[in-house]
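So the structure is just underneath, and the comments pick up after that.
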Amino acid sequence: MRSKKTDKEAALAAKRHAARAAIEHIRHDCRLGVGTGSTTNEFIALLPEVRDRITAVASSSQATTNLLNGLGFEVSPLSQCGTLDLYVDGADETDDHRRLIKGGGAALTGEKILVASSRRFVCIVDESKRVKLLGKFPLPVEVIPMARSSVARKLVQLGGQPQYREGVVTDYGNEILDVHNLKILDPEEMETEINQVPGVVTVGLFARHRPEVVIVGTPEGAYSL
Ligand code: 5RP
């Protein structure tokens, strides 16, 4: 059996392999969108190597903006970037059809906006994120604060158990409900249905907004879905 430290090192190696493979997707004159999370942070750490290929950078969160600034990248407002060539981000779950749950880091709104603004979305995960059926990871839903209870009641009607994420305020001043035990049999349909509830800002299902490629890192290398 592996020691705890070795497991940690293996997980980090997997994230790094996925991040390294995503760097290959950055072509010349790339307008790049950057996601949020520990896997994406490994990707960000490699960006100085390909600085000369990047013409503009858009960020999905304040946390990512801070990291990019720290490496000397100026982050442009999305309105000045036009259509992005590539968006790279992690995920909390992916199924075999590249449908995702995202939002574990509460940055789902910025992330979905950047996905919708990009020609190509490359998702980077380690193997622990692969599932047959989405929903074991509680589904994050960003809500306008005054609508928290009414949205929660609707989510209960849909079969879930929403839990308020205590102490978390998103970059846009909103709150997060994490929905447990939801049966997500049709992710596209559920993405649309939850999006339409008044007070919902963004649902963390990325099924209609799915990536073109999911790169799965392993301790030894990476492969694509
Ligand atoms: C943040 C996200 C992240 O991409 C997701 O939580 C995965 O993070 P990590 O790479 O740390 O596991 O959606 O809102």
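The values are calculated or read from the model by the stated rules, or taken from the named source; none is laboratory data. Just so it is clear, the model here is predicted, and its values are computed rather than measured. Positions of Cβ are generated from backbone atoms using ideal geometry, with glycine treated the same way; all protein chains shown enter the neighbour counts. Ligands, DNA and RNA are excluded from the accessible area calculation, which covers all protein heavy atoms including side chains. Shrake-Rupley method; radii C 1.70, N 1.55, O 1.52, S 1.80 Å.
Tabulated data for the structure shown
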item	result
Residue in segment 46-62 that is away from the ligand (no atom under 11 Å from the Cβ), within 16 Å of His209 (Cβ to Cβ) and open to solvent by 20 Å² or more (accessible area, probe 1.4 Å) present	no
Scope segment 100-141; condition in a helix (DSSP H, G or I), under 21 Å from Tyr223 (Cβ atoms) and either near the ligand (Cβ under 8 Å from one of its atoms) or under 10 Å from the mean Cα position of the chain (by Cα) (or both); matching residues	Lys129
Complete set of residues in segment 189-210 that are in contact with a strand residue (DSSP E or B) (Cβ under 7 Å, 6 or more places away or on another chain), surrounded by fewer than 24 Cβ atoms within 10 Å (Cβ to Cβ) and in a loop (DSSP other than H, G, I, E, B)	Gly199, Arg210
Any hit, segment 117-138, residues being of a type in the set (Gly, Ala, Ser) and farther than 24 Å from Ala14 by Cβ	yes
Segment 63-98: number of residues that are among the acidic types (Asp, Glu), touching a residue at least 24 places away in the same chain (Cβ under 8 Å), open to solvent by 30 Å² or more (accessible area, probe 1.4 Å) and more than 15 Å from Thr40 (Cβ to Cβ)	2
Residue that is least open to solvent (accessible area, probe 1.4 Å), among those in segment 142-172 that are in contact (Cβ under 8 Å) with a residue 24 or more places away in the chain and assigned to a loop (DSSP other than H, G, I, E, B)	Thr170
When residues of segment 3-43 are limited to those that are outside any strand (DSSP E or B), of a type in the set (Lys, Arg) and in contact (Cβ under 8 Å) with a residue 12 or more places away in the chain, the one nearest to Ala58 (Cα to Cα)	Arg27
Yes/no for Ile176 being in contact with a strand residue (DSSP E or B) (Cβ under 6 Å, 6 or more places away or on another chain), open to solvent by less than 60 Å² (accessible area, probe 1.4 Å) and β-branched (Val, Ile, Thr)	yes
Residue in segment 18-25 that is out of contact with any helix residue (DSSP H, G or I) (no Cβ under 8 Å at 6 or more places or on another chain), open to solvent by 60 Å² or more (accessible area, probe 1.4 Å) and within 19 Å of Arg120 (Cα to Cα) present	yes
